[in-house]
1. Cβ-Cβ under 6 Å, sequence separation 6+ or interchain: first residue in the stretch 256-277 and among the hydroxyl-bearing types (S, T, Y), partner in a loop (DSSP other than H, G, I, E, B) and modelled with pLDDT under 90. Which pairs?
2. Checking S378 against (1) open to solvent by 30 Å² or more (accessible area, probe 1.4 Å); (2) touching a residue at least 40 places away in the same chain (Cβ under 8 Å); (3) under 27 Å from T506 (Cα atoms), which single condition isn't satisfied?
3. Give the residue, chosen from I114, I137, I128, that is in contact with a Cys (Cβ under 8 Å, 6 or more places away or on another chain), in a helix (DSSP H, G or I), under 24 Å from V33 (Cα atoms) and outside the structural domain of Y360 (by the TED database).
4. Could you grab me the full set of residues in the stretch 460-480 that are of a type outside the set (A, V, I, L, M) and open to solvent by less than 50 Å² (accessible area, probe 1.4 Å)?
5. Considering only the stretch 259-312, state which residues are among the basic types (K, R) and at pLDDT 90 or above.
6. All but one of (1) open to solvent by 30 Å² or more (accessible area, probe 1.4 Å); (2) farther than 30 Å from H246 by Cβ; (3) hydroxyl-bearing (S, T, Y); (4) modelled with pLDDT of 85 or more hold for S318, so report the exception by its number.
7. Listed residues I338, I356; which is assigned to a helix (DSSP H, G or I), in the same structural domain as F274 (by the TED database) and crowded, with 19+ Cβ neighbours inside 10 Å?
8. Just to be sure before I move on: is L194 crowded, with 19+ Cβ neighbours inside 10 Å and farther than 20 Å from Q507 by Cα in the structure I sent?
Amino acid sequence: MLNKPVLVESLIVFVIVLSVHAVVWDRYSWCAVALAIQAFYVQFKWDRLLQAGGAVFQFRAATNSGLLPASMVIPLLGIVMKERCKSAGIVYFERFGIVVASTGMLVALFLSVIAVGITKPVPTNTCILTGVAGSIIIYTMKHSLTVSEVIEVLEVLLIFVYLSMILLYLLPRCFTPGEALLVLGGISFVLNQLIKRSLNVIEGRGDPIDFFLLVAVIGVVLLGLFFTVLFIFMDSGTWVSSLFFHMMTAVLGLGVIMPWLYRLIQRNPLFWLFHFLFQTQTRIYLLVYWTFLAASACGVVFYQNTKRSSESKKHQASTITRKYFHFIVVATYVPGLIYDRQLLYIASVLCLAVFIFLEYIRYFRIKPFGQTLRHLLSLFLDERDSGPLILTHIYLLLGMSLPVWLFPRSCAPKGTLSGAGALVPYSGVLAVGVGDSIASVFGSTMGEIKWPGTKKTFEGTMTSIFAQIIAVALILIFDSSVNLNSSYAWILASVSLVSLLEAYTTQIDNLLLPLYLQIMFMV
């Protein structure tokens, strides 16, 4: 029997795909539509595998695979980036967008083939559909990509295959297949870009903040892999292991990551970072303000933990309490987006590295703070934190930061896009910080009419849309760089579609919603 919420979620994704290609229809549109249709069919094969326990790895339980919504994110991002850069006349990044779209399609197709291959009996109709979609995609790639671009796409696919085998084995129940596609596909692409730029550093393409992101992401991932393998052979909870952890972190940071970054930016990374952070008085004010907000967030964590009593060990933070952090993050990002986006870019990368490093300390029980972090954060766990890692706070940071990191600055005259594209950096703030938070708060407190087959309410969704429209109006008032050029109908449609997706998706909405809203705005 087909799952109605999954059907509605799929319908919303199809509407988004068709809306995008109604504006930018070209040869890649046929590929995207074919990929969406085959992902829809393969998604149900994955769902059956998960329910029967037939998947090769252990995925997050109590949810559907999420293959369709995840499969379309990277290809659509590449297609809209290609169109934006093509209209700006930036050929290098236009080709880069084509590579991103092709890579996303091939990785999604690979995951579909895996599901079809391990399904017994072999689903004949789905195999035919997957073959047709694969033929269309490969034929288009053959006539669109140069030899070097084909090699780059295959490199990313190879990295994705090996990374998936390693991380899905080491981190059971942390991802659904769709979330694994997004997260591991993104890491694979970043790693390939870092290798490519390290080998061609003489070209000088890109600025230091782009290199900073690449090195930081890959650095913390490699750090985690190194310690995961190391602590297979020794107990991570002892003082000796903890001292070794801190010592090796310093050695790898100063001996590998810093020299790597130095090669890319051709200057001392620490001096460059210090000069960048304190370059203007505005940046100093923002840093002081963000420090205050970070202290406030820590205060919320400590206060909520003091409310625990020995009789209520199973007490968990309420939905409204967890949304405090969403509002704190909104208060963090909005001033950065208005006054200094480059500083926000670097600060969010640093924050991501700190979050992942603290998660390593918690996961490996590194002294002296590992056990304390386990106790403090256990209060804020929900059903999505079913694996060994706690990822929801990292997903929240990624959801807010990805629109800032993925904003095509080189293809944006005067640092901003026209029309709805001017709201691209605000996609995370609108979708997660405002929309998701308001939907949860009002839906859980005032909602009575539930969407069929879900726990989400009609009142929560409508309030979410209304709140995001108000937020857009406030952005227009306070950010003089935003000029919507009468694209209000498209903005309303985009916000409404993404809010409906929030109501029906069972994937990590903090990660999925901002990316879809960014895609709609970039069109």
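The values are calculated or read from the model by the stated rules, or taken from the named source; none is laboratory data. Computed from a prediction, not measured in an experiment: that's the story for all the values here. Cβ placement follows ideal geometry from the backbone for every residue including glycine, while neighbour counts extend to all protein chains displayed. These accessible areas exclude ligands, DNA and RNA; they are computed on the full protein's heavy atoms, side chains included. Shrake-Rupley method; radii C 1.70, N 1.55, O 1.52, S 1.80 Å.
1. Taking only residues 6 or more apart or on different chains, not a single pair turns up.
2. (2)
3. So the residue among I114, I137, I128 that is in contact with a Cys (Cβ under 8 Å, 6 or more places away or on another chain), in a helix (DSSP H, G or I), under 24 Å from V33 (Cα atoms) and outside the structural domain of Y360 (by the TED database) is I137.
4. Start the filter on the stretch 460-480 by keeping residues that are of a type outside the set (A, V, I, L, M), which leaves 460-461, 463-464, 466, 468, 478-480.
G460, T461, T463, S464, Q468, D479, listed by residue number.
5. Initially, the stretch 259-312 is screened for residues among the basic types (K, R), giving 263, 267, 283, 307-308.
Result: R283, single match.
6. (4)
7. After ruling out the rest, the residue left standing is I356.
8. Judged against the criteria, L194 is a match.
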